[in-house]
């Protein structure tokens, strides 16, 4: 059958995503009211500790705040344990390199989710190039283990109190941090010596049981 023209569904961001009492902003019932309550609780609990980030692209889906790196643990512990917030899930930890664009070169981005209230909160933490170190949130969210190791591996941000901060994507002998914007594209890494003792490939030792017996195909002769 001939096929008709291919059509694609394109999602468009809502033009007005400001939380309102009517609950109809963003086109999502209930979400604006939740964001409004979260904003009020954040302002009441933390005041100027959490700074508003204007004109961020995620405002239709969750709130974004800026946070000083010196108070990370206290604020995050409150956000996780306080009954008004209950951000029990750390969704992601990543980093942005603002090379030659901002005074503090790096920016850590934490994505939090409250499964109880369906709140989402994005926290951004500026980190200077001269001292790229912050407190680890692994004691609060064990899921931060691999996330913080990846940020250290790719960007060179140290996480104080992590307990096992080592490379996770690159090998141990790798020098530098490849997602920094000043990392040379054609940089040559040192040759890695042969591991000693060399491990034997044990794949041939695996015993796989037969799942099912297949019928043997018969060869039939056709009369001419």
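Coordinate-derived values only; no laboratory data. What you see is a predicted model, and the numbers here were worked out from it, not measured in a lab. Quick reminder, even Gly has a Cβ in these numbers, built from the backbone with ideal geometry, and neighbours come from all protein chains shown.
Annotations for the structure displayed:
- Checking each residue of segment 56-65 against the condition of being over 16 Å from residue 147 (Cβ atoms), in contact (Cβ under 8 Å) with a residue 60 or more places away in the chain and in contact with a helix residue (DSSP H, G or I) (Cβ under 8 Å, 6 or more places away or on another chain) gives at least one match.
- Contacts under 7 angstrom Cβ, first residue in segment 121-134 being free of Cβ contacts under 8 Å to residues at least 40 places away in the same chain, partner buried (at least 21 other Cβ atoms within 10 Å of the Cβ) and assigned to a strand (DSSP E or B), 6 or more apart: 129/106; 132/106
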